[in-house]
Every structure is written in structure tokens, then in C-alpha cells.
Amino acid sequence: MEHLLHYLWKHKIFPLQELRTTDGQRVEVIDTGLPNADAGPDFFNAKLKLDGVLWVGNVEIHDQASQWMKHGHQTDEAYDNVILHVVSQADCTVCRRDGSPIPQLVLTCPDDVARRYDELRRADVYPPCYTILSSLPRLTVHSWLSALQVERFERKARDIRARLDACQNHWEDVFFITLARNYGFGLNSDAFEAWAKRLPFRAVDKHRDDLFQVEAFFFGQAGLLDEEPADADDYYLRLQKEFRYLQRKFELPPSLPVGQWRFLRLRPGNFPHVRLAQLACLYHTHRSLFSQVMEAETPEAAKKLLSTATSAYWEQHFTFRRTSPKKEKRVGGNALNLMLINTVIPFLYAYGLHKADEVLCDRATRFLESLRAENNYITRMWEGAGLPVSTAADSQALIQLQKEYCDRKDCLRCRFGYEFLKGKKTVRSSSDAIG
């Protein structure tokens, strides 16, 4: 109920009657204030009139008034500037630290809003608001998707900053770790990230000019050279011998347990061996990959940098034991698009924020809007519900919507949820002052 009260207060969805505090003061809401997601009162800098007197301060919201005491607000300095306590049940009076009473407003939820909210919470189909999506104005849809796209950028930028902290601010290392994760394409993403974090990048850099030694580092740290198969070929044995030498030379950390790699339901071209061989070739070819990618001014230029094949051995193998018809195993077009969406574009945005460079941030948006939309169950679901999914900007926004709002049933913070709850305007909802 408290979440619903937040929603009602934020959007000024009030009963069709004069608002009064529990002690009879007439309430005129001018500005509900700024929502606060951190510690402290729920809304900052609200403006309202009590019996015609203007008050500016904070608003706190609870289901029951007694929660004020349960949460210790009566002894907390942060709540001394609360000018109104909004509740659904006024089961007691509340005071500030100095003992002065705080006016309380009992806010009831209109029946039709409560009913629609219950529908959203109980719906067993996704998205639960599908009945209204096709009728929404294009401007409403566009503005919400644009906001979601920014949220998606911000979330990925936070992930990048967290990896930077763990890697002593080495942007090249963090870029490679993120790229490696995306080489897992879902099923092996966690394994690829764990593997990349075990790579001693400064040690690998000393042997970067030799592709075979880079492969020894990569396959060895992946735990794929730990076995002693009786039918091992010469390439495997040479890699194994080289890796053991490198282990002793650099005192390498333990290899990734081989059991973390997944092969079930994978096409052979996506086997970890092939992807590791492609990454080894990429790492060997570009010494400053991150810097070069940040300088790429078009998606095509970035794709050209990331496009890579494998060494000759892997043109005829999927694993060390499984051969294949001779064919160049180059990263495909769909994979390159996903690398741009999930690695290059977030780094353009995060690095742009780091450098306070609007050009990089704008380039991230431009790249995203120029790529075709991802094709997955989330985008297909929203498209089936009537939303346009034309570009990667659309698909990223809808993935953000699904994961951060729908999956959490957080409809009260969603613009589509707001439109659903608003319904046929059977309640008063206005941006004007309400008394």
C-alpha cells in the first residue's frame, strides 16, 4: 500500500473532494516535491498550503502513521523538515525531535486505481498492460523508451565502473573482460568473464607478438589444457608444454575449472574453444584495441576492428578432439552487432562520462540507433503487444523495461503502468494545485 501511496502522491491522484489534514487544516498541493530513492524523507522540497499558509519542506509517506515511530523518525534530524505526513491509516499523532506535531493527511486510493493495480500485480501474462499499448500516443511511447535507453546506458556504465575499480583503472583490461563476457553469448558469459579475470594481462602483453603463446595463455587459463588425453595431437601437446612453462615463469593463478564451460545446445561454431581462438587472434592483432575502438566514428569501422578469425588449426577443429571441414571461422555479422550493442556502445558512453566528452556519449546513441534491433524473446513479446521494435535503441530500452520493471512488477514507476492505472480518468489527476 505504501508504494501505491507514493504513486498517488507523485501523480496527484487525489479523491474528488477537498483535502484536509486529520486536525482539519485545508490542504492545497502546489508541488509534490522530488522523489527520494535514498535515505531520508520520501519527497524533498514539496510546496503546499495549509489553511492558506505556504509551506516548503519534505513529505514522508507511510501506510500506517505509527510506522513513523517504528522507523525512529521522531529522533532523526533528517526528518525535522517534514511538513506533511501522508498515510492511509492515521492510527496515532507524530512529532519532530522538538516535539512539534506534524500535520497528517489520510490519502485514500480510488477504487478503480486499486482495481487496476491489482490487475497488474496478478496478471499471469506479459506484459500485463498489453491491452493499452497499441492505443498509446507515439510521443508517450517514444519519450518513455528514450528514458529507458538512458537508464540502460547508466546501468551498464555502473558495471564498467565497478570492473574499473577491480582492475586499477586499466580501461584496456576492462574492455577485454567485458568483450570476453559477451563472447559467451549468454550460456557461457559467466565462464568467459571468470576466465578473463584470471588472465595476467601484463604477462600476456610480454608475449603478445606470438599468437601461439597467446593461445597457450588463453587455453591454459581456461582449464582446457589440464587433461592428459591418450589421443592428443601435436598442437595440443605443444600448447600444454608452453603453458606449463608460462605457469612457472609468471606464477600464474589457478586455471578456471573446466566444468564451468557449457557445450549443451551450442552450435559447434560457438564452442568455447573456437571463441577463445578468435579472442586470442584479436588480442594478438590489436595492441590498443580499446583506444582504437573509441576512435572509430562509425559502426562499420568498429566492426572492422572487432572482426577476427582464428589460427590455421582451428579452421579444421571445433575442439581439440573434434575436427571440422576446413573453413575460416570468422566472427559473424550478428555476433558483431551484439558486441557493438553490449560492449562498444556502453564503453563509448561510460568513457564519454569519464572524460566529460559529449561527442563520445552522442556517438554511443548514434551507433545504437543505427543498428537493427536484437531478436530475442523479450523484443518479440513487446512487438507482439503492439510496440515498434525497429532499432537496437528500441530493443535495449525494452530489455531495460522488462528486467527492471516488469520482472519486478514495479508498475508504479513505469510510464505504461501509469497510463494503465489512469484508465478512463475516473479519478482526479491534475498538474494544477488541488484543494
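Structure notes:
- Within the stretch 102-118, being touching a residue at least 24 places away in the same chain (Cβ under 8 Å) and open to solvent by 70 Å² or more (accessible area, probe 1.4 Å) holds for one residue alone: 108.
- Of the residues making up the stretch 286-326, those that are closer than 21 Å to residue 172 by Cα, at pLDDT 95 or above and of a type in the set (Ser, Thr, Tyr) are 291, 298, 307, 308.
- Residue within the stretch 69-81 that is assigned to a loop (DSSP other than H, G, I, E, B), of a type in the set (S, T, N, Q) and over 22 Å from residue 109 (Cα atoms) present: yes
- Residue 269 vs. criteria part of a helix (DSSP H, G or I), in contact (Cβ under 8 Å) with a residue 40 or more places away in the chain, open to solvent by 10 Å² or more (accessible area, probe 1.4 Å) and out of contact with any helix residue (DSSP H, G or I) (no Cβ under 8 Å at 6 or more places or on another chain): yes
- Enumeration of residues in the stretch 307-353 that are outside any helix (DSSP H, G or I), buried (at least 18 other Cβ atoms within 10 Å of the Cβ) and touching a residue at least 40 places away in the same chain (Cβ under 8 Å): 317, 318, 320, 329, 331
- The lone exception for residue 145 - which of (1) in contact (Cβ under 8 Å) with a residue 12 or more places away in the chain; (2) open to solvent by 70 Å² or more (accessible area, probe 1.4 Å); (3) more than 30 Å from residue 265 (Cβ to Cβ) it fails: (2)
- Helices (runs of 4 or more DSSP H) wholly inside the stretch 129-247 containing at least 2 residues that are among the charged types (D, E, K, R): 138-166, 171-183, 189-198, 201-205
- Boolean, residue 256 is open to solvent by 20 Å² or more (accessible area, probe 1.4 Å) and in a loop (DSSP other than H, G, I, E, B): no
- Long-range neighbours under 9 Å by Cβ, at least six apart or interchain, first residue open to solvent by less than 40 Å² (accessible area, probe 1.4 Å) within the stretch 13-39, second assigned to a strand (DSSP E or B) and among the acidic types (Asp, Glu): 19/28
- Out of 231, 210, sole residue that is modelled with pLDDT under 95, open to solvent by 40 Å² or more (accessible area, probe 1.4 Å) and over 35 Å from the mean Cα position of the chain (by Cα): 231
- Selected residue (criterion: surrounded by the most Cβ atoms within 10 Å (Cβ to Cβ)) from residues of the stretch 407-420 that are at pLDDT 90 or above and part of a helix (DSSP H, G or I): 416
The values are calculated or read from the model by the stated rules, or taken from the named source; none is laboratory data. Since we're looking at a predicted model, the values are computed, not measured. With ideal geometry, Cβ positions are generated from the backbone for all residues, glycine too; neighbour counts draw on all protein chains shown. Side chains are part of the model used for accessible areas, which takes the heavy atoms of the whole protein and leaves out ligands, DNA and RNA. Shrake-Rupley method; radii C 1.70, N 1.55, O 1.52, S 1.80 Å.
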